[in-house]
1. Do any strands (runs of 3 or more DSSP E) entirely within the range 281-395 hold 1 or more residues that are surrounded by 23 or more Cβ atoms within 10 Å (Cβ to Cβ) and away from the ligand (no atom under 16 Å from the Cβ), and if so, which?
2. Residue by residue through the range 321-378, note down the ones that are at pLDDT below 95 and over 25 Å from Phe56 (Cβ atoms).
3. Take the conditions under 22 Å from Ala362 (Cβ atoms), surrounded by 12 or more Cβ atoms within 10 Å (Cβ to Cβ) and out of contact with any Gly (no Cβ under 9 Å at 6 or more places or on another chain) and apply them to Leu460. Does it pass?
4. Within the range 108-126, track down each residue that is modelled with pLDDT of 95 or more and surrounded by 17 or more Cβ atoms within 10 Å (Cβ to Cβ).
5. Which pairs do you get when a residue that is not assigned by TED's automatic domain parsing to the domain that holds Phe330, found in the range 289-309, comes within reach of a residue that is within 13 Å of the ligand (Cβ to nearest atom) and not in a loop (DSSP other than H, G, I, E, B), reach meaning Cβ atoms under 9 angstrom, with the pair 6+ apart or on two chains?
6. Does the range 417-438 contain any residue that is acidic (Asp, Glu), in contact (Cβ under 8 Å) with a residue 24 or more places away in the chain, in a strand (DSSP E or B) and crowded, with 19+ Cβ neighbours inside 10 Å?
7. Considering each residue of the range 149-168, count those that are in contact (Cβ under 8 Å) with a residue 40 or more places away in the chain and assigned to a loop (DSSP other than H, G, I, E, B), and give that number.
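The values are calculated or read from the model by the stated rules, or taken from the named source; none is laboratory data. In this text, all values refer to a predicted model and were calculated from it rather than measured experimentally. FYI the Cβ positions are ideal-geometry reconstructions off the backbone, even for glycines, and counts take in every protein chain you see.
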Amino acid sequence: MTMNLRSFATQTASFAATLTALLTAQAQTNAWDDPALQDAAWTARGCTNDARGQWFRDAKFGAFIHFGLYSELGGYWHGQACDPAEQIMGLGERRQSIPWKQYQQEVGGAFNPANFSAQKWVSLIKAAGQKYLIVTTKHHDGFAMFKTATTSYNVVDSTPFARDIIRELSDECKKQGIVFCLYYSIGDWCAADVMGPQFTGYEDYMHAQLRELLTHYGDIKMLWFDNYWYVNDQWKNDLPHAKRLYAFAHSINPNMLINDRCGRGAASTDGDYATPENQLQGSRRTRYFEVVMTDTGDDNWGWVKTARNYRTPAQLIHNLIDCTSKGGNFVLNVGPTASGEFPPQHVALLQAIGKWTGTNGAAIYGTVPAPECVMEFANGLQAYATKTSADLYIHVTQWPSDGTPAVVQIGRTGLGKVELLDPTLGKVECSSELKNSVTFLKITKPEIVDPYATVLRVALQPAAP
Ligand code: GLC
């Protein structure tokens, strides 16, 4: 019984299902694929084959940073826990909110992340192998983490810290070669007119802020909208509004990518790519996607001072491989602490991931899925495939438990050298057999394997004689 490597990680039920049946079933249950929710003219968008999207398709691994006034509180308001922590002003989905004045005075008045260092953050991100950074310029609390003329409710004018965090990060990203991207919440709990019938005043306010963000911080390659649904639900399914917003942003920077969270949310094909959250299953194969994930096993994007449930390097590296093998990106979130640092647990994760990407990056960056790879799915073997024009990469995350070789069927002939991408693991023993133009590659488990994923490079051409 065989199974396509790309779908392997999503398989939880019976292994007897064929790949076709599996994909069909998934398409039927995934609202994102419902054609009734799609608008033909609008779906023409998308960065899958678009030159604007080249950097994004190659980057594969990004960093998300949720940093704002909420970081000051670490998930607790006067001793009361709030989930998700970054929404503490609304006390989680706005069940009961902290009055704006009080939030501004008490929290803003104390916001002083003295250890914030753009240089340290960006260095950590870079060493982990993350190629781009998305940072919250304004979350749902409406607080601007940048200097703006639109409101004094911003980090420079309303906190003792008084430094433009977005400026420092954008400068540092430029210096270190990390692509700098902006998160911007459309929903805003504090702006004037935000609840008005047509949002006229709010729309102007938002456009003015976006103009500042898109013109004062260098060339912005990607804008990450969020939270179309909070403004009393009025923007939900408001297609003209969404189109206006996309058009406005593109009128300032036509080459910028924009995610899908504007207008109709997850059940839409708006924007350049899909952004499934905290799950690998919803990745839409018909469209470019970016899985965004918290570093803890819950839905907190802002820092929680009591968090202990950090994900493991193995989970995160497997997620990165999984997304890449399906043709998408993986983005790992961090909520920096009140003092302005990445939590030590997150730093440890980045270091472990960086060690793996540092050695195995050739199998991730700039690769595409390799659907011609099918493996004999037996005895607990777990593997994925990616490729470039020159090489095929087999990522083995779990070897057969009974010591039998891992068997990979490759729908190609005339393959070349097979070697481990990490030379410190030594040599790998393989044999191959050709049947009906399919190469059956049998890989014996090397004596030393990578604890997260052992990667084999298979040359697509035989070596020159
Ligand atoms: C969720 C959270 C929101 C967060 C976002 C990041 O939608 O509710 O607070 O910013 O995820 O993707």
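1. Correct list: 373-376, 382-387.
2. Selection gives Val374, Met375, Glu376, Phe377, Ala378.
3. Numbers: under 22 Å from Ala362 (Cβ atoms): yes; surrounded by 12 or more Cβ atoms within 10 Å (Cβ to Cβ): yes; out of contact with any Gly (no Cβ under 9 Å at 6 or more places or on another chain): no.
No.
4. Correct list: Phe111, Pro113, Phe116, Ala118, Trp121, Val122, Leu124, Ile125, Lys126.
5. none
6. Taking the range 417-438 as the starting set, the residues that turn out to be acidic (Asp, Glu) are 419, 422, 429, 433.
Now restrict to residues that are in contact (Cβ under 8 Å) with a residue 24 or more places away in the chain: 419, 422.
Next, only the ones that are in a strand (DSSP E or B) stay: 419.
Subsequent filtering for residues that are crowded, with 19+ Cβ neighbours inside 10 Å retains none.
No.
7. Kept after step one, since they are in contact (Cβ under 8 Å) with a residue 40 or more places away in the chain, are these residues of the range 149-168: 149-151, 153, 155, 158-161, 163, 165-168.
Those still in the list that are assigned to a loop (DSSP other than H, G, I, E, B) too: 149-151, 153, 159-161, 163.
Total meeting the criteria: 8.
Conditions tested, residue by residue: (1) at pLDDT 95 or above; (2) assigned by TED's automatic domain parsing to the domain that holds Asp391; (3) not polar (S, T, N, Q).
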{"position": "Thr413", "(1), (2), (3)": "no, yes, no"}
{"position": "Asp422", "(1), (2), (3)": "yes, yes, yes"}
{"position": "Lys427", "(1), (2), (3)": "no, yes, yes"}
{"position": "Asn436", "(1), (2), (3)": "no, yes, no"}
{"position": "Thr444", "(1), (2), (3)": "yes, yes, no"}
{"position": "Pro451", "(1), (2), (3)": "yes, yes, yes"}
{"position": "Val455", "(1), (2), (3)": "yes, yes, yes"}
{"position": "Pro465", "(1), (2), (3)": "no, no, yes"}
